[in-house]
Amino acid sequence: EKAGFDHFMLKEIYEQPKAYRDTMGARIDAAASKVVLPEIGMTPEQIRSIRQVHIVACGTAYHAGLVGKSVIEHLARIPVETDVASEYRYRSPIITPETLVIVVSQSGETADTLAALREAKRCGARVVAITNVVGSSVAREADDVIVTWAGPEIAVASTKAYTSQLIGFYLFGLYLAQTLGTAEATYIEEVLRGLRELPEKVERILEQSEAIKEVAEQISTHHSLFFIGRGLDYAVALEGSLKLKEISYIHSEAYAAGELKHGTLALIEEGIPVIALATQDALFEKTVSNIKEVKARGAQVFGIHMEGDTELAKAVDEVFAIPQTHPLLAPALTVVPLQLLSYYASLALGHDVDKPRNLAKSVTVE
Ligand code: F6R
């Protein structure tokens with residue numbers, strides 16, 4: 001059932017082009033250049049009454065929610081907060097009937113996420129769920145459900161569920177923008193075109209897995225490393241770092257690149273690997289100057305950028321290029337080399353990739 005792959009995780013990484021296509025499916029009307037989401041039962045009037053959005057989830061799903069925050073704020077111009085579910089209820093969040101709460105859960109059974117959903121409903125908020133399991137508790141209790149059609153995810157480390165959650169956020173963000181008129185039609189068209197091209201671009205990244213494997217093998221000899229990036233690259237850095245810790249047991253930290261000099265730079269010493277993501281045009285130069293700060297202290301920097309850029313290679317030791325895409329969509333590509341990186345690092349260290357120690361696929365205790 002691993003279909004010729006050595007591990008479920010690798011199989012699931014390779015299933016992502018299909019998961020993207022299935023999750024977009026009939027939800028994109030290419031001819032009309034719009035998103036259709038019949039599963040969202042909100043009337044345009046109800047959508048217009050949303051004053052704030054809360055995204056609540058755990059772990060990798062929370063990281064998808066961080067991308068979701070940028071996407072919704074950018075496209076729909078509604079303020080969004082993203083919270084870890086185990087913290088959300090205890091900070092007495094301000095939830096009103098004008099709050100839209102989005103819960104994100106692969107399994108749809110995570111206890112903290114479910115409890116957050118119930119609290120949101122108790123306060124009169126409408127709840128949209130992004131989940132991979134039709135008929136899960138989260139799916140049953142939410143008002144509207146966007147199913148991510150990633151198919152069953154067996155490996156404990158989430159890969160295709162995360163990227164399908166990103167697709168869910170892109171679709172929902174565009175849907176809100178269409179209804180609210182917060183984005184130009186030509187802009188929506190451009191993002192939609194970018195979305196439809198993603199599966200093929202993921203395939204192109206997967207064809208270069210050997211290059212990532214070599215970097216993973218170098219990294220596997222280290223005890224500690226950093227992931228840095230700004231904006232959406234920072235959100236993906238957090239996910240890359242979690243994935244690496246989870247299955248390779250190598251300690252890593254994700255840092256907003258501009259924040260390093262406020263303390264963490266003290267940990268940068270000769271030879272420490274730093275994975276630097278620099279796909280966001282508007283933040284590129286700033287990120288490069290942060291890369292120079294770590295390089296000057298002896299870090300070994302592996303950079304991820306977009307094809308067409310010729311600058312990053314000059315500042316780092318090695319680069320990996322993702323195919324060009326709309327900056328908003330970059331996370332759906334940049335995370336793929338990071339998934340492969342953690343997979344091959346875990347493999348090089350001889351760990352049980354699919355069943356890392358101390359972890360369960362579905363966390364049903366709070
Ligand atoms: C990490 C991972 C976990 C889950 C988290 C939430 O790879 O899989 O961090 O993302 O436990 O699980 P769901 O999405 O099922 O609510």
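Among residues belonging to segment 324-366 that are assigned to a loop (DSSP other than H, G, I, E, B), more than 22 Å from SER105 (Cα to Cα) and at pLDDT 95 or above, point out the one that is farthest from the ligand (Cβ to nearest atom). Step through it out loud before you land on a result.
First pass over segment 324-366, keeping only residues assigned to a loop (DSSP other than H, G, I, E, B): 324-326, 330, 349-366.
Subset that is more than 22 Å from SER105 (Cα to Cα): 324-326, 349-352.
With at pLDDT 95 or above added as a condition, the list becomes 324-326, 349-351.
On the way: GLN324: 28, THR325: 24, HIS326: 26, LEU349: 17, GLY350: 20, HIS351: 14 Å.
Across segment 324-366, the extreme among qualifying residues is GLN324.
Having 2 or more residues that are within 16 Å of the ligand (Cβ to nearest atom) and under 30 Å from GLN280 (Cα atoms) is the bar; report the helices (runs of 4 or more DSSP H) wholly within segment 40-103 that clear it.
Of the helices (runs of 4 or more DSSP H) lying wholly inside segment 40-103, those with at least 2 residues that are within 16 Å of the ligand (Cβ to nearest atom) and under 30 Å from GLN280 (Cα atoms) span 59-76, 85-88.
Just checking, does segment 199-208 include any residue being among the aliphatic types (A, V, I, L, M), buried (at least 19 other Cβ atoms within 10 Å of the Cβ) and not in a strand (DSSP E or B)?
For segment 199-208, residues among the aliphatic types (A, V, I, L, M), buried (at least 19 other Cβ atoms within 10 Å of the Cβ) and not in a strand (DSSP E or B): present.
Filter segment 38-74 for residues that are charged (D, E, K, R) and within 17 Å of the chain's Cα centre (by Cα); which is surrounded by the fewest Cβ atoms within 10 Å (Cβ to Cβ)?
Kept after step one, since they are charged (D, E, K, R), are these residues of segment 38-74: 39, 45, 48, 51, 69, 73.
From the residues that got through so far, the ones that are within 17 Å of the chain's Cα centre (by Cα) too are 69, 73.
On the way: LYS69: 21, GLU73: 14.
Ranking the candidates gives GLU73 first.
Kindly provide the set of residues from segment 79-108 that are surrounded by 18 or more Cβ atoms within 10 Å (Cβ to Cβ) and out of contact with any Asp or Glu (no Cβ under 8 Å at 6 or more places or on another chain), ordered by number.
THR82, ASP83, THR99, LEU100, VAL101, ILE102, VAL103, VAL104, SER105, SER107, GLY108 - these are the residues of segment 79-108 that are surrounded by 18 or more Cβ atoms within 10 Å (Cβ to Cβ) and out of contact with any Asp or Glu (no Cβ under 8 Å at 6 or more places or on another chain).
So is ILE291 crowded, with 20+ Cβ neighbours inside 10 Å, within 21 Å of HIS223 (Cβ to Cβ) and away from the ligand (no atom under 16 Å from the Cβ) or not?
Judged against the criteria, ILE291 is not a match.
For segment 243-269, which positions are hydrophobic (A, V, I, L, M, F, W, C) and either farther than 21 Å from GLY350 by Cβ or more than 16 Å from the ligand (Cβ to nearest atom) (or both)?
ALA254, ALA256, ALA257, LEU260, LEU265, ALA266, LEU267, ILE268
Looking only at segment 30-85, which residues are more than 16 Å from VAL127 (Cβ to Cβ) and among the basic types (Lys, Arg)?
Result: LYS34, ARG48, LYS69, ARG77.
Looking only at segment 139-173, how many residues end up being crowded, with 22+ Cβ neighbours inside 10 Å, out of contact with any helix residue (DSSP H, G or I) (no Cβ under 6 Å at 6 or more places or on another chain) and farther than 22 Å from GLN339 by Cβ?
Residues meeting the conditions: 2.
For residues in segment 104-141 being away from the ligand (no atom under 12 Å from the Cβ) and assigned to a loop (DSSP other than H, G, I, E, B), which is nearest to ALA161 (Cα to Cα)?
Checked segment 104-141; the qualifying residue nearest to ALA161 (Cα to Cα) is VAL134.
Find the residue count for segment 284-323, including only residues that are of a type in the set (Phe, Trp, Tyr) and outside any strand (DSSP E or B).
1
Of the residues ILE95, ILE102, ILE72, which is out of contact with any Phe, Trp or Tyr (no Cβ under 6 Å at 6 or more places or on another chain) and over 29 Å from ALA185 (Cβ atoms)?
When all the criteria are applied, what remains is ILE95.
Taking the condition basic (Lys, Arg) and within 27 Å of VAL156 (Cβ to Cβ), does ARG126 pass? Quick ask: steps written out before the conclusion?
Working: basic (Lys, Arg): yes; within 27 Å of VAL156 (Cβ to Cβ): no.
Considered against the rule, which asks whether it is basic (Lys, Arg) and within 27 Å of VAL156 (Cβ to Cβ), ARG126 comes out as no.
Could you run through segment 43-77 and say how many residues are under 30 Å from THR364 (Cα atoms) and not hydroxyl-bearing (Ser, Thr, Tyr)? Write out each step before concluding.
Here is the first cut: in segment 43-77, the residues under 30 Å from THR364 (Cα atoms) are 52-72.
From the residues that got through so far, the ones that are not hydroxyl-bearing (Ser, Thr, Tyr) too are 52-59, 61, 63-69, 71-72.
Count: 18.
Looking at segment 300-315 only, could you name the residues that are surrounded by fewer than 24 Cβ atoms within 10 Å (Cβ to Cβ) and either of a type in the set (A, V, I, L, M) or over 30 Å from ALA161 (Cα atoms) (or both)?
Of everything in segment 300-315, those that are surrounded by fewer than 24 Cβ atoms within 10 Å (Cβ to Cβ) and either of a type in the set (A, V, I, L, M) or over 30 Å from ALA161 (Cα atoms) (or both) turn out to be GLN300, VAL301, MET306, THR310, GLU311, LEU312, ALA313, LYS314, ALA315.
The values are calculated or read from the model by the stated rules, or taken from the named source; none is laboratory data. Everything quoted here is computed from the prediction, not taken from an experiment. In this analysis, Cβ positions are derived from the backbone assuming ideal geometry, glycine residues included, and neighbour counts consider all displayed protein chains.
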